[in-house]
Amino acid sequence: MDMHTVVVGTSGTTAEDVVAVARHGARVELSAAAVDALAASRLIVDALAAKPEPVYGVSTGFGALASRHISTELRAQLQRNIVRSHAAGMGPHVEREVVRALMFLRLKTVASGHTGVRPEVAQTMADVLNAGITPVVHEYGSLGCSGDLAPLSHCALTLMGEGDAEGPDGTVRPAGELLAAHGITPVELREKEGLALLNGTDGMLGMLVMALADLRNLYTCADITAALSLEALLGTDKVLAPELHAIRPHPGQGVSADNMLRVLAGSGLTGHHQDDAPRVQDAYSVRCAPQVNGAGRDTLDYAAVVAGRELASSVDNPVVLPDGRVESNGNFHGAPVAYVLDFLAIVAADLGSICERRTDRLLDKNRSHGLPPFLADDAGVDSGLMIAQYTQAALVSEMKRLAVPASADSIPSSAMQEDHVSMGWSAARKLRTAVDNLARIVAVELYAATRAVEIRAAEGLTPAPASQAAVAALRAAGAQGPGPDRFLAPDLAAADTFVRQGRLVAAVEPVTGPLA
């Protein structure tokens, strides 16, 4: 585990800290200010709990049952019961990094001092994260309104020493055993605390933050593969000139064009339009790559703005305000996050689509400007990359299905109390699949484009220095170059890993300088 420590204060957190805790095992500490804020807000809750008047979430039931005033002796049972009853998820286990992000982001809100949770509960949340204990959270159970209720309930159940959790070694055991093994005392929830642990957008937000990190890498990779494909197709780099993009000043478009231009610097393959097969313009999938990639980049930037606002938020219902009021609200509704999760699935699908179109062009002898059919060594005897494109096309087709927005749907629940929901958790889950597929799609284009560039080089044309660096690094990573047919899946898997891990970007940047 990374020994980096993330300090949780009262004013939110950063995307970088979410990734550090979720993916890299960074330790978590509560700041002194957070502990003070927790204690101060708890005093307010305790004072309200002592009053005879009912206060929602403190001395009442929840949701459609909020009209019942709960007597003092039943309130601890009420908090336990809401966690147990709401821990009703089903389906496969959610990934460890998602659960860690979920827990960390809930701790972020608790530490704001707006939830009324005691400092010892927040400290237990940090202790569980630091011990590497991961509650078992299931795929289904959140409608993205009143927060990610079932997923967060499974996390709260672990804090109580109940249910199942995964230890640092990956073994699933009873949560109570894991807490005991790490010297962690289960919490005994008091007024409002059960509700406060469940009522947030933390799951969908955590998945948004991690998707943004992955997509930024993939968009840079897609700029590189688009440049390699342009080069292999003997296209022109004149369409990448800064002055052309300055007159349509979408920021992402200019960034992608600049990335491509730097990858192609010094190429001996570009600009052959008037050779044996003259053409006036390259196909859209080649010529318009900066426009498509750039529009996606601008969408990422907008999604990052939404994520930043949510990371600075304290999402709970009711909330403890600085003037001592405890007020009900609707801030738990996941619509802002759900919309951008769906938007990202749309642009990811379109990026995958344009990558696949370039791959298909590289493999078609009628459109590849002299490349062998399917980039095969001996076409007819060898099939080359024919079926690699089939795989890529299947992934693109699924991406289009995943681009159908979850947030356009709503299904009422809680006896019509929660009559409009965001479906943000579902949007996040399908986006994770889309991001996973996009990496594979980009990897197939990379594999095809590098093979095509090598074939051009064997014909006496000199690829750009950055292209040569990409080819050399990919081959060193285990994805082989041109030659007779062989078992192709391992090569594609090597290319996939190469892309996901950021090694493609790392391979070309010593030549191009830092790419955006």
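The values are calculated or read from the model by the stated rules, or taken from the named source; none is laboratory data. Here the structure is a predicted model, which means the values were calculated and not measured. We place every Cβ from the backbone using ideal geometry, glycine too, and count neighbours over all the protein chains shown. Calculation scope for accessible area: heavy atoms of the full protein, side chains included, ligands and nucleic acids excluded. Shrake-Rupley method; radii C 1.70, N 1.55, O 1.52, S 1.80 Å.
Summary of computed values
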| item | result |
| --- | --- |
| Tally, over region 138-174, of residues that are buried (at least 24 other Cβ atoms within 10 Å of the Cβ), out of contact with any helix residue (DSSP H, G or I) (no Cβ under 6 Å at 6 or more places or on another chain) and not aliphatic (A, V, I, L, M) | 4 |
| All positions within region 317-374 that are closer than 30 Å to Ser422 by Cα, touching a residue at least 24 places away in the same chain (Cβ under 8 Å) and of a type in the set (Asp, Glu) | Asp342, Asp350 |
| Of all residues in region 468-516 being closer than 20 Å to Thr359 by Cα, among the charged types (D, E, K, R) and surrounded by fewer than 19 Cβ atoms within 10 Å (Cβ to Cβ), the one that is farthest from the chain's Cα centre (by Cα) | Asp485 |
| From the options Ser410, Ser422, residue that is in a loop (DSSP other than H, G, I, E, B), more than 27 Å from Asp214 (Cα to Cα) and touching a His at 6+ places or on another chain (Cβ under 7 Å) | Ser410 |
| Cβ pairs under 7 Å, 6+ apart, first in region 134-151 and under 15 Å from Gly206 (Cβ atoms), second part of a helix (DSSP H, G or I) and among the acidic types (Asp, Glu) | Asp148/Asp202 |
| Within region 73-137, helices (runs of 4 or more DSSP H) holding 1 or more residues that are among the acidic types (Asp, Glu) and open to solvent by 20 Å² or more (accessible area, probe 1.4 Å) | 96-110, 119-130 |
| Which listed residue is at pLDDT 95 or above and more than 24 Å from Pro322 (Cβ to Cβ), from Arg23, Arg80 | Arg23 |
| Output for region 181-203, where each listed residue is over 29 Å from Ser59 (Cα atoms) and in contact (Cβ under 8 Å) with a residue 12 or more places away in the chain | Ala181, His182 |
| Output for region 376-389, where each listed residue is more than 34 Å from the chain's Cα centre (by Cα), open to solvent by less than 70 Å² (accessible area, probe 1.4 Å) and of a type outside the set (D, E, K, R) | Ala376, Ala379, Ser383 |
| Qualifying residue in region 173-181 (condition: under 25 Å from the mean Cα position of the chain (by Cα), of a type in the set (Gly, Ala, Ser) and farther than 24 Å from Asp316 by Cβ) | no |
| Residue in region 367-382 that is at negative phi, modelled with pLDDT of 95 or more and part of a strand (DSSP E or B) present | yes |
| Filter result for the condition that a residue is of a type outside the set (Asp, Glu), at pLDDT below 90 and farther than 22 Å from Ile133 by Cα, over Ala39, Ala32, Ala49 | Ala49 |
| Number of the exception - Val286 against (1) under 18 Å from Ile441 (Cβ atoms); (2) of a type in the set (Val, Ile, Thr); (3) under 22 Å from the mean Cα position of the chain (by Cα) | (3) |
| Number of positions in region 312-327 that are among the polar types (S, T, N, Q) and over 22 Å from Cys145 (Cα atoms) | 0 |
| Meets criteria (in a helix (DSSP H, G or I) and either surrounded by 15 or more Cβ atoms within 10 Å (Cβ to Cβ) or not aromatic (Phe, Trp, Tyr) (or both)) for Asp323 | no |
| Candidates Gln417, Gln392 - the one that is in contact with a Gly (Cβ under 9 Å, 6 or more places away or on another chain), touching a residue at least 24 places away in the same chain (Cβ under 8 Å), open to solvent by 50 Å² or more (accessible area, probe 1.4 Å) and of a type in the set (S, T, N, Q) | Gln417 |
| Residue count for region 440-462, restricted to those that are under 34 Å from the mean Cα position of the chain (by Cα) and not in a helix (DSSP H, G or I) | 0 |
| Candidates Leu351, Leu344, Leu300, Leu362 - the one that is modelled with pLDDT of 95 or more, open to solvent by less than 50 Å² (accessible area, probe 1.4 Å), over 24 Å from Pro251 (Cβ atoms) and not in a loop (DSSP other than H, G, I, E, B) | Leu362 |
| Matching helices (runs of 4 or more DSSP H) fully within region 184-295 where at least 1 residues are open to solvent by less than 20 Å² (accessible area, probe 1.4 Å), at pLDDT below 95 and among the small types (Gly, Ala, Ser) | 193-196 |
| Sole residue being in contact with a Lys or Arg (Cβ under 8 Å, 6 or more places away or on another chain), free of Cβ contacts under 8 Å to residues at least 60 places away in the same chain and closer than 23 Å to Arg361 by Cβ, chosen from Asp496, Asp491 | Asp496 |
| Residues that are open to solvent by 20 Å² or more (accessible area, probe 1.4 Å), within 23 Å of Met386 (Cα to Cα) and among the hydrophobic types (A, V, I, L, M, F, W, C), drawn from region 451-467 | Ile455, Ala457, Ala458 |
| Residues of region 391-407 that turn out to be in a helix (DSSP H, G or I) and of a type in the set (Ser, Thr, Tyr), as a count | 2 |
| In region 26-61, the residues that are open to solvent by less than 30 Å² (accessible area, probe 1.4 Å) and over 15 Å from Val117 (Cβ atoms) | Ala26, Val28, Ser31, Val55, Ser59, Thr60, Gly61 |
